[in-house]
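Novice: Following this message is one structure expressed as structure tokens.
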Amino acid sequence: MNINTLSQQTADYESSKLAVALYPTAMRKEADGKTTYHARTLFRNKLTMENIANDIIATGSLSGYTVEQILSVWNVVNNAMIDRVLNGSIVDGGIGSYYAKISGSFESEQSSFDHKKNAIDIAFRSGKEVKELAKSLSPVIAQGNSTKPEIVSVTDIESGKDSVLTPGGFLDITGKSILVTGSNEDVGLYFVNADDESKSVKVSAAKIGVNTSSRVACVVPPLESGSWRIRIVTQCSKNTPRKESLLFTYEPTFTVE
């Protein structure tokens, strides 16, 4: 986001701010035998509302306000939105709509909600204006993609499947440049809850049994029932460690029963 334009009534988003890397699409080739590639966003980091508040202060668009005041207003608005959503409303927050989502199965039409099998979460759907804005961008294709982490396969050794996770079982991950290394606090192997990232579980490099550039293996930590994704955050580089962490999220989801 170009914060220098944030104070304008209509922000002028810079396409150069979005970087992506290209990766070969496994098991997929064109009719002429050539390999096709797909793009993934190179996420810089994960920001909090305090970071966003500081961005707003930097632009001067809310002169006279402090970071604390902006956060105070945001917390009130956020709580009001949550209250509406959890009472059955779809709330359009500008960037998209928020709504309550129920997960888990029910045995019959007369079944009651069971907290051991079912869960309520807040889901998100991007809005039309944001989608239209995204269509106008031309992301920059980053160079040196071979040094970016990429997970190729994930196998749950306990079940022998690539769609489930067995807490306490062994997980085998293959890929490229996936060595989990670096001194940054966020470096690690993550089990990310697909419905609520705040429930993510981090496995540090010290607790990873096999940790190489092409293979990472570890014991699956205790995870609650639901859908999960695998994420690697590393400073791995061909030469000296990178200063900034690189993040790669394996998009397929895994089920914990």
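Novice: Among the numbered criteria (1) over 18 Å from VAL154 (Cα atoms); (2) polar (S, T, N, Q); (3) touching a residue at least 12 places away in the same chain (Cβ under 8 Å), which one does SER227 miss?
Specialist: SER227 satisfies all of (1) over 18 Å from VAL154 (Cα atoms); (2) polar (S, T, N, Q); (3) touching a residue at least 12 places away in the same chain (Cβ under 8 Å) except (1).
Novice: Determine if the stretch 184-199 includes at least one residue that is in contact (Cβ under 8 Å) with a residue 12 or more places away in the chain and over 19 Å from the mean Cα position of the chain (by Cα).
Specialist: No, because not a single residue in the stretch 184-199 is in contact (Cβ under 8 Å) with a residue 12 or more places away in the chain and over 19 Å from the mean Cα position of the chain (by Cα).
Novice: Search the stretch 104-124 for residues that are basic (Lys, Arg) and pair each with any residue that is at pLDDT below 90 and surrounded by 13 or more Cβ atoms within 10 Å (Cβ to Cβ) when their beta-carbon atoms are under 7 Å apart and the residues are at least 6 apart or on different chains.
Specialist: As it stands, the answer is LYS117/GLY104, since those pairs meet every condition given.
Novice: State whether one or more residues within the stretch 160-181 are among the charged types (D, E, K, R) and assigned to a loop (DSSP other than H, G, I, E, B).
Specialist: yes
Novice: Could you tell me whether the stretch 151-170 includes any residue that is under 23 Å from LEU22 (Cβ atoms), in contact (Cβ under 8 Å) with a residue 40 or more places away in the chain and open to solvent by 50 Å² or more (accessible area, probe 1.4 Å)?
Specialist: Within the stretch 151-170, one or more residues are under 23 Å from LEU22 (Cβ atoms), in contact (Cβ under 8 Å) with a residue 40 or more places away in the chain and open to solvent by 50 Å² or more (accessible area, probe 1.4 Å).
Novice: Let me ask you something else. So which residues in the stretch 203-240 are closer than 17 Å to LEU42 by Cα and in a loop (DSSP other than H, G, I, E, B)?
Specialist: Within the stretch 203-240, GLN235, CYS236, SER237 qualify.
Novice: Here's another thing I want to ask about it. Before we move on, is ILE173 under 22 Å from PHE43 (Cα atoms), aliphatic (A, V, I, L, M) and either more than 17 Å from the chain's Cα centre (by Cα) or surrounded by fewer than 15 Cβ atoms within 10 Å (Cβ to Cβ) (or both)?
Specialist: Values: under 22 Å from PHE43 (Cα atoms): yes; aliphatic (A, V, I, L, M): yes; either more than 17 Å from the chain's Cα centre (by Cα) or surrounded by fewer than 15 Cβ atoms within 10 Å (Cβ to Cβ) (or both): yes.
Considered against the rule, which asks whether it is under 22 Å from PHE43 (Cα atoms), aliphatic (A, V, I, L, M) and either more than 17 Å from the chain's Cα centre (by Cα) or surrounded by fewer than 15 Cβ atoms within 10 Å (Cβ to Cβ) (or both), ILE173 comes out as yes.
Novice: Next question. Quick one: would you say GLU224 is among the charged types (D, E, K, R), closer than 30 Å to ALA123 by Cβ and modelled with pLDDT of 90 or more?
Specialist: yes
Novice: In the stretch 63-80, is there at least one residue being of a type in the set (S, T, N, Q), surrounded by 11 or more Cβ atoms within 10 Å (Cβ to Cβ) and over 22 Å from LEU47 (Cβ atoms)?
Specialist: no
Novice: So VAL140 clears everything in (1) out of contact with any helix residue (DSSP H, G or I) (no Cβ under 6 Å at 6 or more places or on another chain); (2) open to solvent by 60 Å² or more (accessible area, probe 1.4 Å) except one condition, right? Which one?
Specialist: Answer for VAL140: the failing condition is (1).
Novice: Output the qualifying pairs, or none if there are none: Cβ atoms under 7 angstrom, residues six or more apart or on different chains, first residue in the stretch 60-75 and closer than 12 Å to GLU50 by Cα, second residue among the β-branched types (Val, Ile, Thr).
Specialist: These pairs meet every condition: VAL67/ILE57; ILE70/ILE56.
Novice: Also, I was wondering about something else. Quick check on the stretch 114-131: of everything there that is of a type in the set (Gly, Ala, Ser) and either over 13 Å from TYR98 (Cβ atoms) or surrounded by fewer than 13 Cβ atoms within 10 Å (Cβ to Cβ) (or both), which residue is farthest from the chain's Cα centre (by Cα)? Can you show your working first?
Specialist: Looking only at the stretch 114-131, we keep the residues that are of a type in the set (Gly, Ala, Ser), and these are 119, 123, 126-127.
With the extra rule that they be either over 13 Å from TYR98 (Cβ atoms) or surrounded by fewer than 13 Cβ atoms within 10 Å (Cβ to Cβ) (or both), the set shrinks to 119, 126.
Details: ALA119: 20, SER126: 15 Å.
Only one residue fits best here, namely ALA119.
Novice: Could you look through the stretch 90-113, keep only residues that are touching a helix residue (DSSP H, G or I) at 6+ places or on another chain (Cβ under 9 Å) and open to solvent by less than 90 Å² (accessible area, probe 1.4 Å), and pick out the one that is farthest from THR255 (Cα to Cα)?
Specialist: GLY94
The values are calculated or read from the model by the stated rules, or taken from the named source; none is laboratory data. Quick caveat, the model's predicted, so the values are computed rather than measured. Here Cβ is always computed from backbone atoms with ideal geometry, including for glycine, and neighbour counts include all displayed protein chains. Areas reflect the complete protein model, heavy atoms only, side chains present, ligands, DNA and RNA absent. Shrake-Rupley method; radii C 1.70, N 1.55, O 1.52, S 1.80 Å.
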